[in-house]
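Q: This structure is in C-alpha cells; I'll ask about it shortly.
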Amino acid sequence: MNLLLITSDQHRGDCLGVAGRRVRTPHLDLLASQGTRFDACITPNVVCMPARSSMLTGLLPLTHGTHDNGIDLDEATGERGFAGTLTRAGYTTAFIGKAHFSSNHSEGPTGRCENVLSSHRFPDDWSGPYMGFEHVELMQLGHNYWLPERPPGGLHYERWYHADGLGDLKDRLYRERLPPETHAAQTHHSALPVAWHNSTWVGDRGVEYLRRQAGARDAASGGEPHAPFCAWLSFADPHHPFDAPAPWCWMHRP
C-alpha cells in the first residue's frame, strides 16, 4: 500500500466546503467525497512542533518530549516514528515542505537543517535522511514574516527561490499590497505571483515525486518487486500571515 499524507498548517478543521462552510476548497472536497473523512480527530497539542512530533511518532508530547515550540524533537525518537519504521520495512519515504520538528530560530547554531544559523552547513545536493525520511525537500520557515533566507542559508525552497537571481524582485512583489486594503491584522493581498509561492512549490515537488515513483513502478513491472512509498506533503499555509497571492486572496472576506 502506498501512503500519501497531505497536511495544511493551522487550518481549522471545519474550514472546508465539505464541512458546510462557505469556503471554496474544491480539491479537498473531492478527496473527501472519494475517501473516508475523520471529523472527530483532536490534536494532542495546539501548537506546531508538539503536534507534528506526535503525528510522526504516535506519542503524546509529554512522552516524546517536545511539549512546546522551541523544543527540538529528539532525533532518535523521531527516527523510531512511522517514517523510520516504514523505511526499515522496505518503503521509499519522503517529506516535502514544512517539517518543523526542529527549531528555526535559536541563540546559537543547533547543527540541524531546519535551524537558520545552521542551514548553511547543508549543501545544495543534500536531501536527507531526516527524522526517518530517506528523502527530504524542505522549506526552512514558510511564513513570510521572514522572507526566504538567502544562500548559502535556507533549504530547498529558499535556494530554489533565489536560484534565478530574482530574489529581490520576488521579495518586493511579496511585500506589495494589492487593492483593496483588508484592514485586517496580518492580512494583505500579495502581489507575489502564484508560480513563486511556497504552496505551489510544495505541490509541484509533490507531483514530481509521485511521477518518479510511477516511473520506478513501471520500470520494475518486468517481474522485479517495486518498493511502496510513503510521502508527507506539508503545506505551510494557511498559517498567518494571511498573504495569499491573487486571485486566491480575493475569494474570501478578510
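Q: Where the centroid of each part is defined by its Cα atoms, how far is the stretch 186-237 from the stretch 163-185 in Å?
A: 25
Q: Moving on to the next point. Using Cα pairs under 8 angstrom and six or more residues apart, how large is the relative contact order of the stretch 46-109, in percent?
A: Numbers: 72 pairs, mean separation 21.5, N = 64.
Over the stretch 46-109, the number comes to 34 percent.
Q: Return the loop-located chymotrypsin sites (Phe, Trp or Tyr not before Pro) in the stretch 133-205 (DSSP other than H, G, I, E, B) with at most 14 other Cβ atoms within 10 Å of their own Cβ; answer none if there are none. Write out the running numbers ahead of the final one.
A: Numbers: sites: PHE133, TYR145, TRP146, TYR157, TRP160, TYR161, TYR174, TRP196, TRP201; in loops: TYR145, TRP146.
Filter output for the stretch 133-205: TYR145, TRP146.
Q: If you bin the C-alpha pair distances of the stretch 48-154 every 5 Å from 0, what whole percents do you get?
A: P(r) for the stretch 48-154, in whole percents per bin: 2, 13, 22, 25, 20, 12, 5, 1.
Q: In addition: What share of the DSSP beta bridges in the chain is antiparallel, in percent to the nearest 5?
A: Rounded to the nearest five, the antiparallel share is 15 percent.
Q: Here's a follow-up. Along the charge dipole of the stretch 114-212, Cβ charges K/R +1 and D/E -1, which of LEU178, TYR161, ALA195 sits furthest on the positive end?
A: Selected residue: LEU178.
Q: Measure off, as a whole percent, the carbon and sulfur share of the 1.4 Å-probe accessible area of the chain, all protein chains present. All intermediate terms of the calculation are to be shown ahead of the outcome.
A: Details: 7930 of 13840 Å².
Here carbon and sulfur together make up 57 percent of the probe-accessible area.
Q: Using only the Cα atoms of the chain, what are the Rg and Dmax in Å?
A: Cα-based Rg and Dmax for the chain come out at 18.8, 61 Å.
Q: Further, regarding this structure: Would you grab the residues whose amide H sits under 5 Å from the one on LEU4? Only those 5+ places off in sequence or on another chain, please, with H modelled 1.01 Å from N.
A: Under 5 Å from the amide H of LEU4: ALA231.
Q: In addition: Treating only the Cβ of Lys, Arg, Asp and Glu as charged (+1, +1, -1, -1), what charge dipole size does the chain show about its Cα centre? Round to the nearest 20 debye.
A: Numbers: 22 positive and 28 negative charges, 124 e Å.
For this selection, approximately 600 debye.
Q: With a 1.4 Å probe and all protein chains left in place, how much accessible area per residue does the chain have, in Å²?
A: Details: 13840 Å² over 254 residues.
Per-residue accessible area for the chain comes out at 54 Å².
Q: Let me ask you something else. In the chain, if the dipole is taken from +1 on Lys/Arg beta carbons and -1 on Asp/Glu beta carbons about the Cα centre, which of MET131, PRO228, GLY65 is farthest to the positive end?
A: Result: PRO228.
Q: Looking at ALA89, MET49, MET1, which one has the Cα that reaches farthest to the positive end of the dipole of the stretch 1-95 (charges on Cβ: Lys, Arg +1; Asp, Glu -1)?
A: MET1
The values are calculated or read from the model by the stated rules, or taken from the named source; none is laboratory data. These figures come from a predicted structure and were not determined experimentally. Positions of Cβ are generated from backbone atoms using ideal geometry, with glycine treated the same way; all protein chains shown enter the neighbour counts. Note: areas computed on protein heavy atoms with side chains; ligands, DNA, RNA excluded. Shrake-Rupley method; radii C 1.70, N 1.55, O 1.52, S 1.80 Å.
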